[in-house]
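The values are calculated or read from the model by the stated rules, or taken from the named source; none is laboratory data. Since we're looking at a predicted model, the values are computed, not measured. No Cβ is skipped: glycine too gets one built from the backbone with ideal geometry, and neighbour counts run over all protein chains shown.
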Amino acid sequence: MPEFTRQHPRGMFIPFHFRPIIANLRKLYSDRLELLSVDDEWLNFRIRGLTETPLILDLQERPEALLGPEWRNFQVVTPLNARRADGLSIRWCGLASLAQNNNIKPGFWFS
């Protein structure tokens, strides 16, 4: 898999607030990282060899290792009944108005 840069492998722009998270995911999980999609609000990924429940629980134990010092500005979500390889989604909720208007709660959640 090629190195992630400022561009998604499919040519999509990676927003500034997700760039450090992608770098942290690569540090934590190396070449097992599979970036599924990214836009201004969401980053969707999976880790080969890990199912969603152990992955989200592992990341919840060390939020700064994944999200950095601004971890309270993000929401990490996976379906409660996730099938293998559904992946996790990280939502940027750094704008206070966005969080208030949509009732977005930062943290780690099963949806």
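Things to note:
Let's see how each residue does on (1) closer than 17 Å to residue 15 by Cβ; (2) at pLDDT below 85:
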residue: 45; (1), (2): yes, no
residue: 48; (1), (2): no, no
residue: 51; (1), (2): no, no
residue: 54; (1), (2): no, no
residue: 62; (1), (2): no, no
residue: 84; (1), (2): no, yes
residue: 92; (1), (2): yes, no
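- Scanning the range 38-70 for residues that are under 12 Å from the mean Cα position of the chain (by Cα) and free of Cβ contacts under 8 Å to residues at least 24 places away in the same chain turns up just one, 47.
- The single condition among (1) surrounded by fewer than 17 Cβ atoms within 10 Å (Cβ to Cβ); (2) modelled with pLDDT under 75 that residue 4 does not satisfy is (1).
- For the range 34-63, filtering for residues that are surrounded by fewer than 19 Cβ atoms within 10 Å (Cβ to Cβ) and either of a type in the set (Phe, Trp, Tyr) or closer than 16 Å to residue 23 by Cα (or both) leaves 7.
- Within the range 64-76, the set of residues being surrounded by fewer than 18 Cβ atoms within 10 Å (Cβ to Cβ) and at pLDDT 85 or above comprises 64, 65, 68, 69, 73.
- Only residues that are of a type in the set (A, V, I, L, M) and in contact with a strand residue (DSSP E or B) (Cβ under 6 Å, 6 or more places away or on another chain) were counted in the range 56-66, giving 1.
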